[in-house]
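First up is the structure itself, then whatever we jot down about it.
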Amino acid sequence: MQHPNVDIGTYGIWTGALDAVPSSLARECAAEIEELGFGALWIPETVFREPFVHSAFLLEATSSMVVATGIVNRYGRDPLTCNAAMQTLNEAYPGRFLLGLGVSHGHLVSGIRKQDWSKPYSGMVEYLDRMQEALFFAPMGDPPAQMVLAALGPKMLRLAAERTAGAHPYFVPPEHTAIARETMGPEPLLAVEQMVVLDTDPTTARATARANMAIYLGLPNYANNLLRLGFTEADVADGGSDRLVDAIVAWGTMDDALARVQAHVDAGADHVCVQVLGADQLHLPRTEWRELAAALGLV
């Protein structure tokens with residue numbers, strides 16, 4: 001295991017919206033998120049910006065906050081290149097870049113990248129082996145570079161604990177956080193994503209939640225994880241049952257959102273990165289980030 005040495009604090013922001021705005025605005029938002037007191041800013045990789053380049057200009061726009069990838073798709077670059085990118089950012093911004101690495105999803109790998117997604121777990125083991133063996137002769141950073149794995153099931157959670165600093169579960173309720181902590185043990189970093197809708201009307205709040213959940217419910221990784229947690233096929237079908245929506249998305253008042261964040265912490269999370277949802281996944285919730293920071297006592 002990599003002994004976790006990156007300081008991401010207890011609270012962070014997870015957002016894909018910075019991919020959809022000009023880079024100048026993305027840098028401005030990152031600087032504000034840092035000023036608000038969040039310990040980390042998590043960004044994804046899909047079909048928008050290249051995540052290491054994106055991380056670099058967000059790190060340059062900030063001075064202390066960690067930028068984390070949630071997640072880099074391992075199929076997007078070979079292990080030597082991935083390691084070199086991680087080491088380069090870690091040396092340039094010591095202790096401020098956290099590589100979140102994952103196997104992504106079949107539609108993004110076989111459908112868009114035209115690569116073989118048939119062995120995601122064993123392929124990840126081999127990928128980590130090759131990253132560990134990769135040649136890199138440029139200056140190294142201090143502290144050493146850190147990574148976490150996108151992990152949901154027990155095998156990937158154990159791999160995260162054994163080979164990296166920890167895990168970054170996404171689209172999970174606090175019940176999964178408790179399972180993840182028990183599976184990994186007390187030491188590895190557990191950084192959990194939590195979706196939030198700040199709307200007290202059940203009809204509109206759940207509609208917003210379902211609009212953002214739709215793509216994930218169609219992905220086997222997430223659907224199978226929900227079934228392991230005791231949800232049924234009926235819960236996952238047709239946009240998600242109210243029971244499932246309420247478990248995955250904390251909707252209601254700010255106090256409701258804070259209670260869900262605290263539930264993850266109580267279940268064993270070291271860090272909770274909050275994804276504030278709007279009408280679509282590219283909603284830029286700057287007002288809500290400010291309100292969240294104030295409610296958490298960060299500012």
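Structure notes:
- Hits in region 232-244 (condition: surrounded by 15 or more Cβ atoms within 10 Å (Cβ to Cβ) and hydrophobic (A, V, I, L, M, F, W, C)): V236, L244
- The set of residues in region 38-92 being out of contact with any His (no Cβ under 9 Å at 6 or more places or on another chain), of a type in the set (S, T, Y) and under 22 Å from Y121 (Cβ atoms) consists of T46, Y75, T81.
- Filter result for T62 (outside any strand (DSSP E or B), hydroxyl-bearing (S, T, Y) and closer than 16 Å to Y170 by Cβ): no
- Any hit, region 207-226, residues being in a helix (DSSP H, G or I), of a type in the set (D, E, K, R) and more than 26 Å from H107 (Cα to Cα): no
- Here L226 meets the list (1) touching a residue at least 24 places away in the same chain (Cβ under 8 Å); (2) crowded, with 19+ Cβ neighbours inside 10 Å almost entirely, failing just condition (1).
Rundown of residues vs (1) surrounded by fewer than 24 Cβ atoms within 10 Å (Cβ to Cβ); (2) at pLDDT below 95; (3) farther than 30 Å from G185 by Cβ; (4) within 16 Å of the chain's Cα centre (by Cα), yes/no style:
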{"site": "N5", "(1), (2), (3), (4)": "yes, yes, no, no"}
{"site": "T10", "(1), (2), (3), (4)": "yes, no, no, yes"}
{"site": "D19", "(1), (2), (3), (4)": "yes, no, yes, yes"}
{"site": "S24", "(1), (2), (3), (4)": "yes, no, yes, no"}
{"site": "C29", "(1), (2), (3), (4)": "yes, no, yes, no"}
{"site": "E35", "(1), (2), (3), (4)": "yes, no, yes, no"}
{"site": "A40", "(1), (2), (3), (4)": "no, no, no, yes"}
{"site": "A56", "(1), (2), (3), (4)": "yes, no, yes, no"}
{"site": "S63", "(1), (2), (3), (4)": "yes, no, yes, no"}
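- Exactly one residue among M213, M195, M156 is touching a residue at least 24 places away in the same chain (Cβ under 8 Å), hydrophobic (A, V, I, L, M, F, W, C) and more than 18 Å from L244 (Cα to Cα), and that residue is M156.
- Candidates A247, A191, A209: the one that is among the small types (G, A, S), surrounded by 17 or more Cβ atoms within 10 Å (Cβ to Cβ) and in contact with a His (Cβ under 7 Å, 6 or more places away or on another chain) is A191.
- Residue count for region 240-299, restricted to those that are in a loop (DSSP other than H, G, I, E, B) and among the β-branched types (V, I, T): 2
- Residue within region 137-160 that is in a helix (DSSP H, G or I) and either touching a Lys or Arg at 6+ places or on another chain (Cβ under 8 Å) or more than 29 Å from P220 (Cα to Cα) (or both) present: no
The values are calculated or read from the model by the stated rules, or taken from the named source; none is laboratory data. In this text, all values refer to a predicted model and were calculated from it rather than measured experimentally. In this analysis, Cβ positions are derived from the backbone assuming ideal geometry, glycine residues included, and neighbour counts consider all displayed protein chains.
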